[in-house]
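To start, the structure under review is shown below, and the notes come after it.
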Amino acid sequence: MGMSLGSQGGAGGRRRRGSKKAPMSEINITPFVDVMLVLLIIFMVSAPLLTSGVPIDLPDTQAKALNADTQPITVSVNDKGQVYLQETEIDIAEVVPKLEAIAKTGYEERVFVRGDKNADYGTVMKVMSRISAAGFKNIGLVTLQEQDS
């Protein structure tokens, strides 16, 4: 007299005996792509800011840019005569010992000297002569390319 709901009782036939949910075999890529795009934008914006932390007004020249595979060691002299190794201020007397300590390839390491165009010429030359006298062979002066006006 009554209506039958199916052979498995009142669940409407939706449950299986002894089975668990199967793991989902699909990967949702959208959040991953969103995160990667945000990271890409962050690195694209911050990379130019990491080149050098010492603010120096470099002189302009007509020299071409150098092709470089490795990052050189940078020694900077600002307009006040302060000397920086990479981004750390040091005394002129400490330039050579600290260069020798961080040079990975020894005296073949490339050393770039950045001198502010308002810096004392004697201070820049004193730094370069100490580096050269220590035995470093690949010393270069960093300048900006002249802009045609």
_For segment 73-143: relative contact order, % (alpha-carbon pairs under 8 angstrom, 6 or more apart)_ = 38 percent
_Bin width 5 Å, origin at 0, all Cα-Cα pairs of segment 73-143: what percent of pairs per bin?_
4, 18, 34, 28, 13, 4, 0
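Bear in mind these aren't lab numbers, they're just calculated from the coordinates by the rules spelled out. Since the structure is predicted, the reported quantities are computational estimates derived from the model, not experimental observations.
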